Amino acid sequence: MKLSVLTIVRGRQSHLENQMRGLLQSELAPIEWVVVGMNQDVSLPSTDQFTIRTSSVHHPTEALPLAAARNHAASLCRTDAMVFLDVDCIPSPSMLDRFAQALTKEDRLWMGHPMYLPAGATQSGKPTLEGTTNASAWSMTELAEQAVDHPLQPSLDKNKWIASDRYELFWSLCFAITRNSFDHIGGFDESFDGYGGEDTDFSFSARRAGVPFGFVDAVAYHQHHAVCKPPLNHLQPIVQNAEQFRKKWGCWPMGAWLKAFAAEDFIEFDQASDHIQINRLPTDSEIRACQTMTPAGF
């Protein structure tokens, strides 16, 4: 099966280069790697293993137009099979082959298996982009030894896939879908502006469209980065997108984050009703105070 890898990025250049190094070690090479910058241009070296195509989307007010960027990447894709891979993710050597097998088996929205790396796991040396061996750089064996599962996601044995109706567990970090299913869903809803909720909306739209869902052991290693817990640095788009989600689906997404915001009086939030309101935005010092080195996503 011919497939493309689609990545959106803002900053994170070293993570993007590590992802490229992973793709160069893939057992199944993609036909192309489509990389879309969000309010930035993308610069990458060329390789003779696959085509690299870069583009960008620009938003006048939002630094992370995630939905628009993913839709733009899909519009540029030249294959029927699409693998969306978060810029923080390094594909394992078998990831693309496992996705190809799953899509061949059944046309589903297939979520891969992100595993999480500790701080420093990819910083032992300068990554090479030529696919050559560098004893001072990280190796796939080292990543596999250090990565851990996320407690909320199913743990799959090797060469396993499962059908699921747990659409709420879909994350956009690492997933595969055919062009037909993506178009049937309608792509990502660009009324979700910025960070938060747009991927859950996509999976709920998949359920409404009758696109089946499932998990496959297509492993990607999620590179560590500092996060805010709760994500005060994204408070405004999270609240706005949560309100949009509630109007569309009749339930609240990101409930734990909203409750945490409300507990500190940043927002008024009544989970039993439609009421949500921002009282004030966090200060820079409050954002810094909630930063943690816990693996991203936990």
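The values are calculated or read from the model by the stated rules, or taken from the named source; none is laboratory data. From a predicted model like this one, the values you see are computed outputs, not experimental measurements. Cβ coordinates were reconstructed from backbone atoms using ideal geometry, including for glycine residues, and neighbour counts include every protein chain displayed. Just the protein is used for accessible areas: all its heavy atoms, side chains included, with ligands, DNA and RNA removed. Shrake-Rupley method; radii C 1.70, N 1.55, O 1.52, S 1.80 Å.
Structural remarks
Okay, residues lined up against (1) part of a loop (DSSP other than H, G, I, E, B); (2) without any contact (Cβ under 8 Å) to a residue 40 or more places away in the chain; (3) within 25 Å of Cys89 (Cα to Cα):
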{"position": "Asp193", "(1), (2), (3)": "yes, no, yes"}
{"position": "Val216", "(1), (2), (3)": "no, no, yes"}
{"position": "Pro230", "(1), (2), (3)": "yes, no, yes"}
{"position": "Cys251", "(1), (2), (3)": "yes, yes, no"}
{"position": "Ser273", "(1), (2), (3)": "yes, yes, no"}
{"position": "Pro282", "(1), (2), (3)": "yes, no, no"}
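- Strands (runs of 3 or more DSSP E) within segment 51-106 that include 3 or more residues over 18 Å from the mean Cα position of the chain (by Cα) and in contact (Cβ under 8 Å) with a residue 12 or more places away in the chain: 51-57
- Looking across segment 135-156, the residues that are of a type in the set (A, V, I, L, M) and either part of a helix (DSSP H, G or I) or open to solvent by 40 Å² or more (accessible area, probe 1.4 Å) (or both) come down to Ala135, Met140, Leu143, Ala144, Val148, Leu152.
- Residues (in a strand (DSSP E or B) and open to solvent by less than 10 Å² (accessible area, probe 1.4 Å)) located in segment 1-37: Leu3, Ser4, Val5, Leu6, Thr7, Val9, Glu32, Trp33, Val34, Val35, Val36, Gly37
- There is no residue in segment 258-268 that is assigned to a helix (DSSP H, G or I), in contact with a strand residue (DSSP E or B) (Cβ under 8 Å, 6 or more places away or on another chain), surrounded by fewer than 21 Cβ atoms within 10 Å (Cβ to Cβ) and of a type in the set (Asp, Glu).
- Residue satisfying all of: in segment 136-163; among the small types (Gly, Ala, Ser) and at pLDDT 85 or above; farthest from Tyr221 (Cα to Cα) among these: Ala163
- Any hit, segment 198-210, residues being assigned to a loop (DSSP other than H, G, I, E, B), open to solvent by 10 Å² or more (accessible area, probe 1.4 Å), of a type outside the set (Gly, Ala, Ser) and touching a residue at least 12 places away in the same chain (Cβ under 8 Å): no
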